[in-house]
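The values are calculated or read from the model by the stated rules, or taken from the named source; none is laboratory data. It should be emphasised that the depicted structure is a prediction, and the values quoted were computed from it without experimental measurement. Heads up, the Cβs are rebuilt from the backbone with ideal geometry, glycines too, and the neighbour counts pull from every protein chain shown. Side chains included, ligands, DNA and RNA excluded: accessible areas come from the protein's heavy atoms. Shrake-Rupley method; radii C 1.70, N 1.55, O 1.52, S 1.80 Å.
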Amino acid sequence: MGTVSRDAYVPGNLYGEIWEATWTREHVWRHYYWVEYGCIKNGVPSICQRLEHNDKTTIDTREDRVTVTLKAKENSMTSISLNYARTTISTDNDIDDVYTSKDVDYVATRTDPGLEGAYNRYKSETFDPNVESNVKNMGLDGDNYDPGTFDVTAPDWLEMEARYAVDEITRQIRSDVHLSPDINYMVYPNPADAMQATAIDLTNKIKANQSRYVDKARFYSGGKYSSCSAKTISQVREWYVDEVLYQVNKQYMAAAGNINEQIDDKFNESADDVREANNNGASLLKSALCFPIGLTMRAEHVMDDGTKYDVDDLAYWDENVTLGVDMEPDYLEYDTLYKNESLYLLKLKNNNLLGPTGLYVLPSMNPWVCTTNVWYIEVEGEFLEFIVSDVDNECHPHPIFGHEAQIYTRKQELIKDPADGNYIGNNEQISFRFITGTFIAVPPGKLTGVGDKPTKENPEPIFEESKGW
């Protein structure tokens, strides 16, 4: 007789058909009775009976108007664990016009089919073949239906758009988040503390922009997502930002814990003394000396008068540059020189300026106050390989931390022209020579002085037992 239009909101009718059904029923009444008649039984005349009946038939009809509808409830329920927030994205039935294909704008304009595919399959494979049998269901209780579900194939472009969303957030984090220059050896001499401070610093900066990175308003308005794929992309963004926060805390805090475990394992009862000595050494460096293992500098583009360019100016440039240095052989790493690496020796000249046992300070006092000595040292050597790392370099993106280090290496080798492969020259090793001096002061005690040469009373090198240097 006709069709039923779709409801404006889900859950509700997606499609329906109106049928006029005529029911015809035949009733038969039968009256049974016995009839007597003459018969022969065993050769003797007798009276027999037979059962006969009379029938009366009537036919009645009934007309019904039946509406059979295809009903569906949106099943866009999600349950995504957020490790950092320690919660779950849990939503369902919050997509605007979920069963209608529509155009949406992401990186490009796309057509989002929504749940149209599942609707078409269910109607053609289940609803249409069974509509007549449902109409003939004399119970008319509305429960004679197949509640099966149909999988929806996501459009091909959805995965690419989700990847674009993750890449966009990565670029934003790389642009926004830089480690504070206040997190350095001077402020955090214990590397475990530096790792913890790094986690806190990066986490706070990412959380400050978390809503901008997720950008839910782009996909969600009026209490619903604009389309099925919009919901997917939006929740991918929300999960990814949370996962970045989780990984930053997990990796840096794990590193801090590992460092502390190593210190406890190697130094046992003296572990706290080592940490205190490190703190005291950092205080000394801050007040008197500077030995920058990683030197952070601020690079800015300024005008001739020293004025900085505005952020919106084309010539604007502002970034951190943090340089670290490594070399081979590592002359500071004494233990490894005699294990798995080759032995490289420095040319060393060591002059003991105040004699083999040093100079007694106030020798007229008993015991003497202390002994001191001074060394004049000349050193020559070379590096087979010299490496400079720019750890704040932003040319190499990283999905979690924004960027990776750019490394420059200097070692002895022939240099080729990258265009034609011809040799154009030699790159030589870095050699060095310097003169320096040092001093040692030893408080009074059993030792008779401090110097390079053992004495009869102290056959081993005295400075190995010194406590004052």
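Percentage of Cα-Cα pair distances in segment 46-189 greater than 18 Å, rounded to whole percent?
Numbers: 8063 of 10296 pairs.
Counting pairs separated by more than 18 Å, the tail of P(r) holds 78 percent.
Under the Karplus relation 6.51 cos²θ - 1.76 cosθ + 1.60, θ = phi - 60°, what is the ordered set of whole-Hz ³J(HN,Hα) values for segment 211-222, x standing for Gly and Pro?
5, 5, 5, 5, 6, 5, 4, 5, 10, 9, 7, x
Greater than 19 Å separation of Cα atoms is the criterion. Which listed pairs, LYS207/LYS250; LYS73/LYS136; LYS102/LYS224; LYS73/LYS231, meet it? Before the final figure, lay out each step's value.
Working: LYS207/LYS250 16 Å; LYS73/LYS136 25 Å; LYS102/LYS224 15 Å; LYS73/LYS231 17 Å.
Going by Cα-Cα distance, LYS73/LYS136 fall outside the 19 Å limit.
For ALA72, list long-range residues whose amide hydrogen, built 1.01 Å from N in the peptide plane, is under 5 Å from its own amide hydrogen.
GLY12, LEU14
Figure the gain on full extension for THR126 and ILE18 (residue separation times 0.36 nm, minus the Cα-Cα span) and round it to one decimal in nm.
Values: separation 108, 0.36 × 108 = 38.88 nm, distance 1.74 nm.
Contour length minus Cα-Cα distance gives 37.1 nm.
For GLU63 and THR3, what is the calculated FRET efficiency with R₀ set at 25 Å and r taken between the beta-carbons, to the nearest 0.05? Spell out each step's value before the answer.
Details: r = 20 Å, r/R0 = 0.80.
The calculated FRET efficiency here is 0.80.
May I ask you to evaluate 6.51 cos²θ - 1.76 cosθ + 1.60, the Karplus curve with θ = phi - 60°, for each residue of segment 418-429 and list the ³J(HN,Hα) values in order in whole Hz, giving x for glycine and proline?
Result, rounded to whole Hz: x, 7, 10, x, 6, 6, 10, x, 10, 10, 9, 5.
For an R0 of 60 angstrom, estimate the FRET efficiency from the Cβ-Cβ distance between LEU346 and LYS308 and round to the nearest 0.05.
0.85
Heavy-atom accessible area per residue, segment 1-63, 1.4 Å probe: how many Å²? If you can, show how the numbers build up before the last one.
On the way: 5160 Å² over 63 residues.
Each residue of segment 1-63 exposes 82 Å² on average to a 1.4 Å probe.
Report the paramagnetic label zone for VAL28: residues of segment 47-65 whose backbone N is under 20 Å from a point 7 Å from Cα along the Cα-to-Cβ axis.
Output list for this probe position: 51-61.
I'd like to compare 410-417, 231-238, 160-167, 319-326: which one has the highest average count of other Cβ atoms within 10 Å, and what's the full order after that? Numbers along the way, then the final one.
On the way: 410-417: 12.1, 231-238: 20.9, 160-167: 16.9, 319-326: 15.2.
Ranking the peptides 410-417, 231-238, 160-167, 319-326 by packing returns 231-238, 160-167, 319-326, 410-417.
Give me, ordered by chain and number, the residues 5 or more places off ILE430 or on other chains with an amide H under 5 Å from its own placed amide H.
So ILE430 has HN proximity to PHE383.
Accessible area per residue for segment 77-210 in Å², computed with a 1.4 Å probe and the full protein assembly in place, what is it? Working shown, then result.
Numbers: 7840 Å² over 134 residues.
On a per-residue basis, segment 77-210 sits at 59 Å².
FRET efficiency for LEU82 and PHE432, Cβ-Cβ distance as r, R0 = 56 Å, nearest 0.05?
Details: r = 53 Å, r/R0 = 0.94.
Efficiency, rounded to the nearest 0.05: 0.60.
For MET327, what accessible surface area do you get with a 1.4 Å probe? Give it in Å², rounded to 10.
About 50 Å², rounded to the nearest 10.
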